[in-house]
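What follows is a short report on a single structure.
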Amino acid sequence: MTHETLDAGPELPAEAIDAIERAATAAHRHEELFSERAANIKQSAVRDVFDISMRPGLVSLAGGNPYLQSLPLEKLGQTAARIIAEEGMTALQYGGGQGTEELRTQICEIMAAEGITDARPENVVITAGSQSAQDVATKVFCNPGDVVLVENPTYVGALNTFEAYQVQVETVDMDDDGLVPELLEAKIAELQAEGKNIKFLYTIPNFNNPSGITLAPARRQRIVDICRNANILILEDNPYGLLRFDGNPLAPMRAANEHDVIYMGSFSKIFAPGLRIGWALVPEHLQRRFYLASEAVTLCPPTLNQMIISAYLRDYDWRGQIETYRALYEERCKTLLAALEEHMPPGLSWTRPEGGFFVWVTLPGGVDTYPLLKKAIEAGVVFIPGAAFTHSDEPSNKLRLAFSAVPPESIAEGVRRLAPVLRGAIDTINKGVTS
């Protein structure tokens, strides 16, 4: 069974389904022009679910979206208008490929709040979100057939990027304290014995997407040391680090390892995703190649968006906004965990994140959460099936619930709607075992 697309059934008109099927099966002469890489670019199950979750009446526990309603939107609109009116010749013109110096300097201040105190603006490259930084890193370092190590589970967007570049994705399991160093060491030894060329470890150490798990501080340096000894880079993706509920971000792996870690950040979670601005802090000896590859894709990141973010960081209380986000997300996370405790049937377990956006739910073995999605939609709730977050084609007994953009009362209602769907799946498995 594949999980590339979701059968929306009656949600689409019959003529639309017919058109999609014709388009998918038609053998056009241009098909022979596709590259081998194009065959690896797949429709994301997450995107399928997002499209469906827009239906009125559904409680969406699917999307990892920030709660933008807490931003001073009217004032931000005035700021954007002022920038265009007073600085439009700069804001609307081509800009530098590395990004504005002002924003790169401000990003260094943000990273200092996370624990990276030695960052320099000249080693920061502005990207179109951290997704673009992942793409550039893969392009710069990976040939087809090279190996990239990832946590299991991991961010679906990263998996899509790696697959498009025809790399071999190898997973390393996590426990409640994150990536397991012993398993990482064993995986590296196994792959090296096979003659594989391992280029980097991609990791989301804080509130992993989708699991919500945080890599324990005691493991961080050991993982860097393991990779350094094997000459493997680390891509540290940290969009959620400042959103730790207790307000005390854990020091990133990059903090003490400037030569071995490419650090990726984003304004998508701490400000606004629609501006599509992220960054990579690149080791000095790698910066030139990384920057040139980034410039070859985007030419220059949008100057207007950068200037809006710079004005926000300069003229607004961005630290206070992050405190607001933390309080909002902590309340919603607690609401979700309490609802799971109240409504879910026996046999389930779930993570208890200390920040970020997500809770990862595990059902008994034998349950495939992907076909349960349609039943959940019929019950009025949406989630993301676990299969979206793994490189394997095997069914998954896990699912992701996102609490960040949903009011507490809707979170509780969504879990109440979901519980009978999951209970029915467990009952079906149990009947099959006893019959």
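The values are calculated or read from the model by the stated rules, or taken from the named source; none is laboratory data. Values in this document were obtained by computation on a predicted structure and should not be read as measured data. So basically every Cβ, Gly included, is an ideal-geometry build from the backbone, and we count neighbours across all protein chains shown. Quick note on the areas: whole protein, heavy atoms, side chains included, nothing else; ligands and nucleic acids left out. Shrake-Rupley method; radii C 1.70, N 1.55, O 1.52, S 1.80 Å.
Looking only at region 377-404, which residues are open to solvent by 40 Å² or more (accessible area, probe 1.4 Å) and not in a helix (DSSP H, G or I)?
Listed by number, the residues that qualify are 391, 392, 393, 394, 395, 398.
How many residues are in contact (Cβ under 8 Å) with a residue 60 or more places away in the chain, among the β-branched types (Val, Ile, Thr) and closer than 21 Å to residue 209 by Cβ if we restrict to region 362-388?
3
Picking from 214, 161, which residue would you name as being over 23 Å from residue 132 (Cα atoms) and among the hydroxyl-bearing types (Ser, Thr, Tyr)?
Exactly one residue qualifies, and that residue is 214.
Only one of these conditions is not met by residue 225: (1) over 29 Å from residue 68 (Cα atoms); (2) open to solvent by 40 Å² or more (accessible area, probe 1.4 Å); (3) in contact (Cβ under 8 Å) with a residue 40 or more places away in the chain. Which number is it?
(3)
I need the full set of residues from region 315-354 which are open to solvent by less than 90 Å² (accessible area, probe 1.4 Å) and among the basic types (Lys, Arg), in order please.
326, 332
Determine, yes or no, whether residue 397 is closer than 29 Å to residue 167 by Cα and of a type in the set (S, T, N, Q).
yes
In region 345-366, which residue that is over 16 Å from residue 335 (Cα atoms), part of a loop (DSSP other than H, G, I, E, B) and not small (Gly, Ala, Ser) is nearest to the chain's Cα centre (by Cα)?
363
Of the conditions (1) basic (Lys, Arg); (2) farther than 14 Å from residue 307 by Cα; (3) at pLDDT 85 or above, residue 37 clears all except one; give me its number.
(3)
Here's the yes/no breakdown for (1) closer than 23 Å to residue 244 by Cα; (2) out of contact with any Phe, Trp or Tyr (no Cβ under 9 Å at 6 or more places or on another chain):
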position	(1), (2)
313	yes, no
317	yes, yes
343	no, yes
351	yes, no
366	no, yes
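For region 56-88, how many residues are of a type in the set (D, E, K, R) and open to solvent by less than 80 Å² (accessible area, probe 1.4 Å)?
2
In region 172-188, what count of residues is obtained for those that are small (Gly, Ala, Ser) and either in a helix (DSSP H, G or I) or surrounded by fewer than 18 Cβ atoms within 10 Å (Cβ to Cβ) (or both)?
The number of residues fulfilling the criteria is 1.
Which ones in region 122-171 are within 15 Å of residue 209 (Cα to Cα) and in a strand (DSSP E or B)?
Listed by number, the residues that qualify are 150, 151, 152, 171.
Residues checked against (1) farther than 24 Å from residue 161 by Cβ; (2) acidic (Asp, Glu); (3) over 18 Å from the mean Cα position of the chain (by Cα):
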| residue | (1), (2), (3) |
| --- | --- |
| 273 | no, no, no |
| 283 | no, no, yes |
| 296 | no, no, yes |
| 318 | yes, no, yes |
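Within region 252-272, how many residues turn out to be under 19 Å from residue 242 (Cα atoms) and surrounded by fewer than 18 Cβ atoms within 10 Å (Cβ to Cβ)?
Summing the residues that are under 19 Å from residue 242 (Cα atoms) and surrounded by fewer than 18 Cβ atoms within 10 Å (Cβ to Cβ) in region 252-272 gives 1.
Residue 414 versus (1) in contact (Cβ under 8 Å) with a residue 24 or more places away in the chain; (2) part of a loop (DSSP other than H, G, I, E, B); (3) out of contact with any helix residue (DSSP H, G or I) (no Cβ under 7 Å at 6 or more places or on another chain): which is the lone unmet condition?
(2)
If residue 371 satisfies every condition in (1) part of a helix (DSSP H, G or I); (2) open to solvent by less than 50 Å² (accessible area, probe 1.4 Å) but one, which is the exception?
Here residue 371 meets the rest and fails (2).
In region 120-130, which residues are buried (at least 19 other Cβ atoms within 10 Å of the Cβ) and either modelled with pLDDT of 95 or more or touching a Phe, Trp or Tyr at 6+ places or on another chain (Cβ under 9 Å) (or both)?
123, 124, 125, 126, 127, 129, 130
Under the condition of being polar (S, T, N, Q) and under 30 Å from residue 356 (Cβ atoms), which residue from region 57-88 is farthest from the chain's Cα centre (by Cα)?
So, considering only residues that are polar (S, T, N, Q) and under 30 Å from residue 356 (Cβ atoms), the one farthest from the chain's Cα centre (by Cα) is 79.
Kindly indicate the residue of region 144-190 that is free of Cβ contacts under 8 Å to residues at least 40 places away in the same chain and polar (S, T, N, Q) and also nearest to residue 40 (Cα to Cα) among those meeting that condition.
So, considering only residues that are free of Cβ contacts under 8 Å to residues at least 40 places away in the same chain and polar (S, T, N, Q), the one nearest to residue 40 (Cα to Cα) is 161.
Look through 289, 254 and report the one residue that is touching a residue at least 12 places away in the same chain (Cβ under 8 Å), closer than 16 Å to residue 132 by Cβ and part of a helix (DSSP H, G or I).
289
Of the conditions (1) assigned to a helix (DSSP H, G or I); (2) surrounded by fewer than 19 Cβ atoms within 10 Å (Cβ to Cβ); (3) in contact (Cβ under 8 Å) with a residue 12 or more places away in the chain, residue 300 fails just one. Which one is it?
(1)
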